[in-house]
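**Student:** I'd like to ask some things about the structure below.
The values are calculated or read from the model by the stated rules, or taken from the named source; none is laboratory data. Here the structure is a predicted model, which means the values were calculated and not measured. For neighbour counting, all protein chains shown are included, and Cβ atoms are generated from backbone atoms with ideal geometry for every residue, glycine included.
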Amino acid sequence: MLKVICAIFICLAALPAFSEPAANYEVATIIGVKPHPSASDNALSGVASYEVSVQVADTVYVVLYTDTFGTKTVKYAGGRQVMVHVGKSTVVYNDILGQPHELPIISRKPGATISHPK
């Protein structure tokens, strides 16, 4: 029985070596939110879109966020810090349930350095 338990622990210890590498998540600060120009087109369907500016390190990304649940809470998210993974054309964040969401990057530009409290 002890040999079986040891074999299980050895397999579990080796499991991370065979899994995919974790994405590098970074701290992002939401620095601005404004309605997307096509938001009036979506008004009939009840789905609002917003251009959200987030600063990651020394770069500001403007991403397109679609409020599929209609909560409109993103309008009040300025100053909030979230963990994001920046890809070539998308920014990925996890919601409160841990589900990843990809947001397309509209633009990127250099920004001022923000010091994050530790």
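**Student:** Return the pair list, or none, for Cβ contacts closer than 9 Å from residues in the stretch 82-98 that are of a type outside the set (A, V, I, L, M, F, W, C) to residues that are at pLDDT below 90, at least 6 apart or on different chains.
**Tutor:** Matching pairs, first to second residue: His85/Ala23; Gly87/Ala23.
**Student:** Looking only at residues in the stretch 3-50 that are at pLDDT 60 or above and charged (D, E, K, R), which one is nearest to Val84 (Cα to Cα)?
**Tutor:** Within the stretch 3-50, the match that is nearest to Val84 (Cα to Cα) is Glu26.
**Student:** Still on this structure: Is there any pair with a first residue in the stretch 58-69 that is surrounded by fewer than 16 Cβ atoms within 10 Å (Cβ to Cβ) and at pLDDT below 90 and a second that is assigned to a loop (DSSP other than H, G, I, E, B) and among the hydrophobic types (A, V, I, L, M, F, W, C) whose Cβ atoms are under 7 Å apart and which are 6 or more apart or on different chains, and what are they?
**Tutor:** Close Cβ pairs (under 7 Å, with a partner that is assigned to a loop (DSSP other than H, G, I, E, B) and among the hydrophobic types (A, V, I, L, M, F, W, C)) amount to Thr68/Val47.
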